[in-house]
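Read the structure below first, then the notes.
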Amino acid sequence: MLLAIDVGNTNIVLGVFDGTRLTQSWRLATLRERTADELGILVTHLFANRSVPLDRVGGIILSSVVPPLTRTMEEMAERYFGHIPLTVDPATNTGMPVLYSPPSDVGADRVVNGVAAYEAYGRKTQSPVIVVDFGTATTFDAISAAGEYLGGVICPGIGISADALFQRAARLPRVDVRKPPTVIGDTTVTSMQSGLFFGYVAMVDGIVTRMRAELDRGKRSACIATGGMADIIASETTVIEEGFDLSLPGRR
């Protein structure tokens with residue numbers, strides 16, 4: 001089995017793969033002050049809770065955009081699983097050419113998304129692929145028909161936007177991000193939810209349409225969604241064809 005670890009700014013997501021099948025997954029809060037032992041105890045308890053023997057793990061791959069936790073995770077993997085993880089380096093070990101300047105500036109999560117999306121949707125058809133990742137930031141990544149990481153777009157995540165409204169406008173409350181019953185809100189809460197929800201839907205449709213116009217054979221490009229907010233936004237867009245939620249084993 002393969003243990004895949006994605007250390008993001010908001011969540012740490014762990015997935016156990018048996019071959020190509022995702023059998024277990026967990027989502028933890030990203031706390032930069034955690035030690036290798038704290039993480040090791042937490043992760044081994046998660047394995048025990050699902051009756052997954054630690055010795056079934058034959059390898060570990062680590063993607064991290066939180067530098068203080070990268071080495072901590074590596075130490076946890078070595079100490080509790082007995083494996084030195086393959087830590088993703090966008091510039092050297094993903095197998096995907098990165099046409100970004102400099103390549104080391106690309107987040108490991110963005111290139112990993114690109115590799116997975118291209119293998120699933122682009123390679124057989126030799127078509128470009130666009131990945132929209134709804135995380136702490138909302139990122140758009142373009143992969144060429146030849147399997148090259150071209151670049152993309154970085155926007156504030158929907159959670160950041162909701163927090164900014166609450167913090168910067170004294171009379172606006174904190175709201176949950178959800179689809180309101182109508183675009184025209186009849187309360188302050190539904191008006192804010194409409195702006196956040198439908199604003200992001202329109203943003204995704206607009207940016208992906210413009211990216212397709214710039215890509216060679218862009219009209220044929222698949223658009224894939226991932227990230228913690230994908231389920232909320234993706235189904236309402238006109239451009240996203242499929243979404244992945246790694247927090248639900250086997251779901252896509």
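The values are calculated or read from the model by the stated rules, or taken from the named source; none is laboratory data. Bear in mind that the values here come from a model prediction, so they are computed numbers and not experimental data. So basically every Cβ, Gly included, is an ideal-geometry build from the backbone, and we count neighbours across all protein chains shown. In case anyone asks, the SASA skips ligands and DNA or RNA and just uses the protein heavy atoms, side chains included. Shrake-Rupley method; radii C 1.70, N 1.55, O 1.52, S 1.80 Å.
Results, tabulated for the structure shown:
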item	result
Mean projection area, nm², convex hull over Cα of region 21-144	8.6 nm²
Cα-centre dipole for region 159-220 with unit charges at Cβ (Lys and Arg positive, Asp and Glu negative), debye to 20	180 debye
Using distinct alpha-carbon pairs, which all enter the 1/r mean, Kirkwood radius of region 112-210 in Å	15.1 Å
Most mobile listed residue (G19, G152, G135) in the chain, GNM with C-alpha springs under 10 Å	G19
Coil-residue GluC sites (Glu not before Pro) of region 14-79, DSSP, other Cβ within 10 Å capped at 11	E33
Accessible solvent surface per residue of the chain, calculated while the other protein chains remain in place, 1.4 angstrom probe, Å²	51 Å²
Inter-label distance for T20 and R174, nm, one decimal - labels placed 7 Å from Cα along Cα-to-Cβ	4.3 nm
With Cα atoms, 0 to 90° folded angle of helix 108-117 axis to the chain main axis	80 degrees
Crossing angle, helix 188-214 versus the chain [Cα axis fit, 0-90 degrees, rounded to tens]	80 degrees
Nitroxide proxy distance, nm - points 7 Å out along Cα→Cβ at D205 and Q167	3.0 nm
Accessible surface ranking that places the most exposed of M229, M73 first, with a 1.4 angstrom probe	M229, M73
Amide N of region 77-115 lying under 20 Å from the label point, which is placed 7 angstrom from the Cα of D231 along Cα→Cβ	none
The chain, relative contact order in percent, only Cα pairs under 8 angstrom and at least six apart counted	15 percent
Sequence-distant residues sharing a close amide H with T30 (under 5 Å, placed H)	N11, I12
Loop trypsin sites (Lys or Arg not before Pro), region 59-130, which have at most 16 other Cβ atoms in a 10 Å radius of their Cβ (DSSP)	R123, K124
Carbon/sulfur fraction of accessible area - region 164-235, other protein chains in place, 1.4 Å, %	55 percent
Computed accessible area, R21, all protein chains, 1.4 angstrom probe, square angstrom	140 Å²
Length added when fully stretched, E119-R27, from 0.36 nm per residue minus Cα-Cα	30.7 nm
Vicinal HN-Hα couplings computed from phi for region 58-68 (Karplus, 6.51 cos²θ - 1.76 cosθ + 1.60; Hz; Gly/Pro x)	x, x, 9, 10, 10, 10, 9, 10, 10, x, x
Phi to ³J(HN,Hα) by Karplus 6.51 cos²θ - 1.76 cosθ + 1.60 over region 30-45, Hz, x for Gly, Pro	7, 10, 5, 8, 5, 9, 4, 5, 4, 5, x, 5, 5, 5, 5, 5
Contour excess over end-to-end distance, with Cα ends at T35 and T10 and 0.36 nm allotted per residue	7.3 nm
Cα-centred dipole magnitude for the chain, charges only on beta-carbon of K, R (+1) and D, E (-1), debye, nearest 20	460 debye
Helical contribution to [θ] at 222 nm, DSSP H n ≥ 4, -39,500 (n - 2.57), averaged over the chain, rounded to 500	-10500 deg cm²/dmol
Computed accessible area, S63, all protein chains, 1.4 angstrom probe, square angstrom	10 Å²
Two-decimal ratio, the chain, of alpha-carbon radius of gyration to 2.2 N^0.38 Å	1.06
